[in-house]
Amino acid sequence: MSDYLLRRDYDINRSCGLHIHIDARDLFYKELVGIMLVAKSFEETIFSMMPNSRQSSNWCRKFPLDKRSIRDIESDSEFIEIWYD
């Protein structure tokens, strides 16, 4: 991908970042818990790709729950409460 961008005169600088978007409008807590567990499994790898200067920004934060706490979510309302807390 980077060769493709470089051949077309795109420039990569410190303001570039990695964004992961998941359209979850039609999902319930069980599916979201599954996504969160996968994301939590790769969280260290994802964060290792970020430069140190981005690690403390508002948009680059680790999810505060451990895998056990994520697995313990038992309803849509509990998921929503935890997510927006």
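The values are calculated or read from the model by the stated rules, or taken from the named source; none is laboratory data. On a predicted model such as this, the values are computed, not experimentally measured, just so you know. Here the Cβ positions follow ideal geometry from the backbone for every residue, glycine too, while neighbour counts run over all protein chains shown. Keep in mind that these areas ignore ligands, DNA and RNA; they rest on the heavy atoms of the full protein, side chains included. Shrake-Rupley method; radii C 1.70, N 1.55, O 1.52, S 1.80 Å.
Relative to the current alpha-carbon distance between Ile12 and Ser41, full extension at 0.36 nm per residue lengthens the span by 7.7 nm. With the full set of protein chains in place, find how many percent of the accessible area of the chain is carbon and sulfur; take the probe as 1.4 Å. In the chain, the share of accessible area belonging to carbon and sulfur is 53 percent. From helices alone, the chain scores -14000 deg cm²/dmol at 222 nm; the rule is -39500 (n - 2.57) for each run of n ≥ 4 DSSP H residues, then divide by the residue total.
Of the Cα atoms belonging to the chain, the radius of gyration and Dmax stand at 16.2, 49 Å. Taken per residue, the accessible surface of segment 45-85 reaches 86 Å², heavy atoms only and a 1.4 Å probe. Remark: the chain carries a charge dipole of roughly 400 debye about the Cα centre, counting +1 on each Lys and Arg Cβ and -1 on each Asp and Glu Cβ. Here the extension length gained between Arg25 and Arg71 equals 14.5 nm, from 0.36 nm per residue of separation less the Cα-Cα distance.
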